[in-house]
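K.L.:
Can you keep this structure in mind? I'll have questions shortly.
Taken together, the values in this text are just the output of simple stated rules run on the coordinates, not laboratory data. Worth saying up front: this structure is predicted, and the values here are computed from it rather than measured. FYI the Cβ positions are ideal-geometry reconstructions off the backbone, even for glycines, and counts take in every protein chain you see.
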Amino acid sequence: MEIYLWPWNFGSSCSLPKKRIGHLPGICCMAEMVALGLHSHWLNGIDYMGVPYGKMAEYSEYSFPLAICIVLSGMYEDDLDNSEDIIYTGQGGHDLLGNKRQIKDQKMERGNLALKNSMLHDVPVRVVRGHESASSYCGKVYTYDGLYKVHKYWAEKGVSGFTVFKYQLKRLKGQPALTTNQVIWSVMPESKYPRQSRKTGQENFPIPATNIVDDACFPPPGKCSYRYSKSIQVAKGLKLPRNAHGCKCKGDCINPRLCACARFNGLDFPYVRRNVVFECGPSCSCQPGCANRISQQGLKYHLEVFRTLDKGWAVRSWDTIPSGAPVCEYTGIIRRTDDMENVSENNFIFEIDCLQTMKKRPGDVSFIMDVDEKKLENPEFCIDAGSIGNVARFINHSCEPNLFVQCILSWHHDIRLAKIMLFAELTYDYGYALDSVVGPDGRIKQMECRCGPQSAEGACTKAEDRRTHSIVEEQGF
Ligand SMILES: C[S@@+](CC[C@H](N)C(=O)[O-])C[C@H]1O[C@@H](n2cnc3c(N)ncnc32)[C@H](O)[C@@H]1O
């Protein structure tokens, strides 16, 4: 089961104009709030079926109004939300200025009467929760948290001294586990988000992390912890190549015949499975938003890190990502592969092996540069995302990947240190080679691949060359 969080932007339109009791068709728990009709009285907090429904034969046994949905969004000072068990304050009598204060007694009418009737008829009520969210333009996102039943109600003097109705609701058993409390609102430190994003190296919007499968918390504690950085860092003492000459285009690079960077791409601005892409860089006179700087624009799609049953953390997208679209860069610290310590314990090393990437692609690379294949055979550099990295470090391997790796050169033209960009899909083939990594105990390091169709033993049975149902980790991917 997955969480979908949607902004509160549904207005008064309704795709299910007739109200109904219980779950809505096609909407699973904690899912598409976008299905209009989930709650049609957005401001009231209690949505109910009015008296006219009593005339319908199917509802002849019920008294109306009858509550069908409530929204918990911190509107009432007397509400108490313990996830599975809620004390909900009835409606009416509160200050509409938004300061949540009760200014007069509530009456047993409308929504309050509807909740009482739901209890009397033992009818379930849908519960929707609002959550603060900096990423939503209205400051909130809403989750559908399933069905509850009203167990009892009473009247009491509220915090402000006026009579309020209280309803105790309990969540019905047999529904998917409630995940509201497990939404962790950012993979990046929130305080630095979003206004200072450029300065602090944060992304354009937050990346949530969710865990509904075990007790693992986020970020991973201890030595698995890391610092988020949307840009690549350089290891101390590592000498970087000189800046390449840039193009002289003004504004946007539109004409590939005139743009010096496009010339390296064979007079093109290519972004679909090219072996190496030359982008404009800091020496170019074009603007930062130039079309030939695709990998420099930051995240475009809302990604989420989530806990899997058997592969630790993983990444999925809330948005539809068109094929060939840029997803994210693989960031971390660029290091000399030979300088890497504890390689076998570090699951976050990406070897910059553009030769291998290029060989998988159709097309000639000879025009690009003097590629000395011999020199490139043993990758000299890697990106170590063990202690510093971005969302890419959580993307898992798949034998049937839906991401591909793209080597990009921008500020320099040294392919050994190319930038690594992942395009459209959320798993990619790590390029594991069998029997290539020796663990600290001197034995070949093995990892069962659980990316796809599973064998009886739980390992992936997809690729023929993984006959043993296990794959062996190379240094990196
Ligand atoms: C770059 S990390 C990916 C994120 C990782 N799942 C986590 O929880 O941080 C690579 C590690 O994830 C796990 N992993 C990735 N893909 C896998 C797969 N298809 N099957 C099993 N484990 C996988 C392995 O432990 C691997 O060493």
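K.L.:
Quick one: which residues, 5+ away or cross-chain, put their amide H under 5 Å from the amide H of Met188? H built at 1.01 Å from N.
P.N.:
Amide H neighbours of Met188, under 5 Å, 5+ apart: Ile207.
K.L.:
Okay, moving on. What is the calculated FRET efficiency for Lys223 to Ala325, with r their C-beta to C-beta distance and R₀ = 45 Å, to the nearest 0.05?
P.N.:
0.85
K.L.:
Moving to a separate point now. Efficiency by 1/(1 + (r/R0)^6): what FRET value for Lys173 and Asp95, r their Cβ-Cβ distance, R0 = 35 Å, to the nearest 0.05?
P.N.:
Working from the Cβ atoms, E equals 0.40.
K.L.:
Now a separate question. Starting from the Cα of Glu345, step 7 Å along the direction of its Cβ; do the same at His121; then give the gap between the two resulting points in nm.
P.N.:
According to this spin-label approximation, the distance is 6.3 nm.
K.L.:
Another question, if that's okay. Using modelled backbone amide H atoms (1.01 Å from N, in-plane), which distant-in-sequence or interchain residues come within less than 5 Å of His413's amide H?
P.N.:
Those qualifying (amide H under 5 Å, at least 5 residues apart or on another chain) are Ala244.
K.L.:
What residues of region 286-316 lie in the reach of a label at Asn204, counting those whose backbone N is under 19 Å from a point 7 Å from the Cα along Cα→Cβ?
P.N.:
287-305, 316
K.L.:
What distance in nm separates the two pseudo spin-label positions at Ile103 and Gln356, each 7 Å out from Cα along the beta-carbon direction?
P.N.:
Once both label points are built, they end up 6.8 nm from each other.
K.L.:
Explain nothing, just compute: Karplus ³J(HN,Hα) = 6.51 cos²θ - 1.76 cosθ + 1.60, θ = phi - 60°, for every residue of region 213-219 in order, whole Hz, x for Gly and Pro.
P.N.:
After applying 6.51 cos²θ - 1.76 cosθ + 1.60, I find 10, 8, 8, 4, 9, 10, x Hz.
K.L.:
Also: Would you calculate the separation in nanometres between label points at Lys250 and Lys311, each defined as 7 Å from the Cα along the Cα-to-beta-carbon direction?
P.N.:
5.0
K.L.:
Can you tell me how much longer the chain between Gln297 and Asp414 gets when fully stretched, taken as 0.36 nm per residue apart minus their C-alpha distance, in nm with one decimal?
P.N.:
Working it through step by step, the gained length comes to 40.0 nm.
K.L.:
Pull up all non-local amide H partners of Phe381: gap of 5 or more, or a different chain, and H-to-H distance under 5 Å with H placed in the peptide plane.
P.N.:
For Phe381, the qualifying residues are Thr337, Ile352.
K.L.:
List, in order, the whole-Hz ³J(HN,Hα) value for each residue of region 397-404 obtained from phi through the Karplus relation with A = 6.51, B = -1.76, C = 1.60 and θ = phi - 60°; use x for Gly and Pro.
P.N.:
Along region 397-404, the couplings run 7, 9, 6, 10, x, 10, 10, 10 Hz.
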